[in-house]
């Protein structure tokens, strides 16, 4: 009886391990918005491209307090968008993709690593951009949202 129970538990354990592995792998393969699917005119015509977006707000209630502005700009570079900017101290560089349904994904984001005394919010800028999943645009205001729909931050178009 004990041997049968161990085989049953072992079989169930393998089943859950297999199911868990499939769920994890599905999450790893979750699709980002693909630029290949978006016509070049869609990307070029997007009001997000070419503008300088200055960070004004983290979440819904923490104002940017740095003396120097944190910002990003999306620039067309072949079939991708290059993200360039600053966290108020360090430079930012990465790639971005736009997709249907106001989708935005930032990838391969890198920053310089200068010490920035007096700028405690700077490290949060790269994290905010990396978590972006969707955006809302209202004239010169941009709101980035995470996968779960919560507000990551607010930006204002400059220039």
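Each row is one residue, and each column tells you yes or no for (1) surrounded by fewer than 18 Cβ atoms within 10 Å (Cβ to Cβ); (2) touching a strand residue (DSSP E or B) at 6+ places or on another chain (Cβ under 7 Å); (3) outside any loop (DSSP other than H, G, I, E, B); (4) at negative phi.
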position: 106; (1), (2), (3), (4): no, yes, yes, yes
position: 109; (1), (2), (3), (4): no, yes, yes, yes
position: 113; (1), (2), (3), (4): yes, no, no, yes
position: 119; (1), (2), (3), (4): no, no, no, yes
position: 125; (1), (2), (3), (4): no, yes, yes, yes
position: 144; (1), (2), (3), (4): no, yes, yes, yes
position: 147; (1), (2), (3), (4): yes, no, no, yes
position: 157; (1), (2), (3), (4): yes, yes, yes, yes
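Only one of 81, 75 is assigned by TED's automatic domain parsing to the domain that holds residue 154, buried (at least 16 other Cβ atoms within 10 Å of the Cβ) and touching a residue at least 12 places away in the same chain (Cβ under 8 Å). Can you tell me which?
Just one listed residue meets the conditions, 81.
Out of the residues in the stretch 127-142 meeting the condition of being in a loop (DSSP other than H, G, I, E, B) and surrounded by 16 or more Cβ atoms within 10 Å (Cβ to Cβ), tell me which one is nearest to the chain's Cα centre (by Cα).
Within the stretch 127-142, the match that is nearest to the chain's Cα centre (by Cα) is 132.
Condition first: buried (at least 21 other Cβ atoms within 10 Å of the Cβ), touching a helix residue (DSSP H, G or I) at 6+ places or on another chain (Cβ under 7 Å) and assigned to a loop (DSSP other than H, G, I, E, B). Can you find one or more residues in the stretch 52-61 that meet it?
No, that holds for no residue.
The values are calculated or read from the model by the stated rules, or taken from the named source; none is laboratory data. Source: prediction; values computed, not measured. Glycine gets a Cβ as well: all are built from the backbone with ideal geometry, and neighbour counts include every protein chain shown.
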